[in-house]
Amino acid sequence: MGGVLTVFRRELAGYFATPVAYVFIVIFLVLAGALTFTIGNFFTRGQADLQPFFTFVPWLFLFLVPALTMRLWAEERRLGTIELLLTLPIAQWQAVVGKFLAAWAFCAIALLLTFPLVITVNILGEPDNGVIATGYLGCLMVAGAFLAVGAAISALTKNQVIAFVLAVAACFFLTAAGTPVVTEFLSQRVPQMADIARAISVTDRLGGFSRGIIAARDVIFFASFIGFFLFANTVAVDQRKAD
C-alpha cells in the first residue's frame, strides 16, 4: 500500500494547494444549508432529523463531484505529466486507487464540515444520532460511486470540459433513475426497465442508509460499483497512456 499512500498524499495536498478545494467546500456548504433550510423545510417539518439534507446530497454531488474528477486524469494527460506519474515505482492500479482515495477523502472532509447541521438538530430536538451517522455513511458511498464514474471518464479524454459534461450526465442518470417520475413512467411502458432503474439508483440505496438501515445488498452494490469503475479506470489509463 506504500504506492497508494504516496499518490494519496500527493493528490490530497494538491487539492488544498489551489483554490479549487476551498471553492468546492464553500459552494457545497452554502448549497447544502440553503437547500436544507428552504426547499427542504427543515424547521416547518417539525421533525428532529436530517432527511432534507440527505435528500439533496446526491443532487449536490451531481455537479460538484464531476468538478473534482474532471482534472484527475484529463489534466495529467493534457500536461503530459501522466508519463512522469507512471514512471514512478508504482503499479497503475496503485495510482488509480491513490487518486480515488484522495478525492474520496476530500469529499469526506466536505461532509464533515456540515456538522453544524447535526448540532442544530440536536439542539432543536432529540434525534437518533445513529440514524444520522448511517445517513452520512450513505452520502459517502454515493460520493464514492460518483467519483469512480467520473475518474473513469476523465481517463478517457484530455479535455476537462468533456470529462465534466459526461460525468454529470452519468451521475444524473444514476441519481434520477430511482425518482418516482422515472420509475412510474417506466412501470407503465417497460416494467422490466423500472426494476433495473431502481436497482442502479443511488438515491434508493441512500434512502436505506438515511433511515438507519445498513443493508448488505446496498453495501455490496456500492462496493462492486466502485470496484468495477476503478478497474475500468485502470484499463483506460493503460490503453491511453501513450496518447
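Every number in this text was worked out from the coordinates using simple rules, so none of it is lab data. Bear in mind the structure is a predicted one, so any value in this text is a computation, not a measurement. Because the Cβ atoms are built from the backbone with ideal geometry, glycine has one as well, and the counts that use them run over all protein chains shown.
In loop segments of the range 19-127 as defined by DSSP, the trypsin sites (Lys or Arg not before Pro) with at most 15 further C-beta atoms inside 10 Å of their C-beta are Arg45.
Please check which bits of the range 132-148 a label hung off Leu31 would reach, taking the label as a point 7 Å along Cα-to-C-beta and the cut-off as backbone N under 20 Å. The answer is 136-148. The alpha carbon gyration tensor of the range 77-185 gives principal lengths a ≥ b ≥ c with a/c of 1.5 or higher and a/b no greater than b/c, which makes the shape oblate. By its C-alpha gyration tensor, with a ≥ b ≥ c as the square roots of the eigenvalues, how is the range 190-243 shaped: rounded for a/c under 1.5, else prolate for a/b larger than b/c, else oblate? In terms of gyration-tensor shape, oblate.
Only DSSP H runs of four or more residues enter the estimate; each adds -39500 (n - 2.57), and after division by the residues of the chain the mean residue ellipticity at 222 nm equals -26000 deg cm²/dmol. For Glu126, Glu11, Glu76, the sequence from fewest to most other C-beta atoms within 10 Å is Glu126, Glu11, Glu76. Dipole check for the range 124-243: with +1 at the C-beta of Lys and Arg, -1 at the C-beta of Asp and Glu, and the Cα centre as origin, the magnitude is about 320 Debye.
Were the residues from Thr6 through Ala48 laid out at 0.36 nm apart, the gain over their Cα-Cα distance would be 10.9 nm. Is the range 99-243 rounded, prolate or oblate when judged by the Cα gyration tensor, a ≥ b ≥ c being the square roots of its eigenvalues, rounded requiring a/c under 1.5 and prolate requiring a/b larger than b/c? Oblate is the answer for the range 99-243, as a/c is 1.5 or above yet b/c matches or exceeds a/b. Each Cα pair of the chain feeds into the Kirkwood radius, which the Stokes-Einstein equation turns, at 20 °C and 1.002 mPa s, into a diffusion coefficient of 114 µm²/s. Annotation: the residues Phe221, Phe100, sorted from fewest to most other C-beta atoms within 10 Å of their own C-beta, follow the order Phe221, Phe100.
Counting neighbouring Cβ atoms within 10 Å and putting the fewest first, the residues Met70, Met141, Met193 line up as Met193, Met141, Met70. Using only alpha carbons, the range 1-116 has a radius of gyration to Kirkwood radius ratio (Rg to Rh) of 1.09.
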